[in-house]
Amino acid sequence: MASRALRARQAVLLHLDRFLVAQRPAPSALTPDRFAAWSITLAYLTPPVRRNRMRIVRNLCQYLRRTDPCASRKLCRVENSAVARHRGRAVEGDA
């Protein structure tokens with residue numbers, strides 16, 4: 001049985017997957033622009049929770065870039081700076 005933390009990560013990645021599939025007919029690669037658009041869908045969350053979910057996706061991207069030579073050029077081009085930019089950005093509804 002999966003741990004609670006693993007299930008939470010899985011839920012984040014499923015949410016991202018659904019978002020990317022909804023972006024069709026365009027290719028579903030995770031680009032910085034798509035990452036930014038996806039992170040806007042997290043606006044209802046508190047900033048620490050939102051950053052944590054963004055970090056989960058960034059960690060996946062880093063893993064793919066290390067293990068899959070094709071991913072480093074075409075997919076998952078989310079950098080640390082993309083998460084950092086959102087750290088300082090006020091999202092409507094944040095208190």
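Structure data summary
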{"item": "Some residue of the range 58-80 being at pLDDT 75 or above, in a helix (DSSP H, G or I) and exposed (fewer than 12 other Cβ atoms within 10 Å of the Cβ)", "result": "yes"}
{"item": "Qualifying residue in the range 20-32 (condition: assigned to a helix (DSSP H, G or I), at pLDDT 90 or above and surrounded by 14 or more Cβ atoms within 10 Å (Cβ to Cβ))", "result": "no"}
{"item": "Selection from the range 23-41 of residues that are under 19 Å from R9 (Cα atoms) and in contact (Cβ under 8 Å) with a residue 40 or more places away in the chain", "result": "L30, F35, A36, S39, I40"}
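The values are calculated or read from the model by the stated rules, or taken from the named source; none is laboratory data. If you're wondering where the values come from, they're calculated on a predicted model, not measured in any experiment. Backbone-built Cβ (ideal geometry, glycine too); neighbour counts: all protein chains shown.
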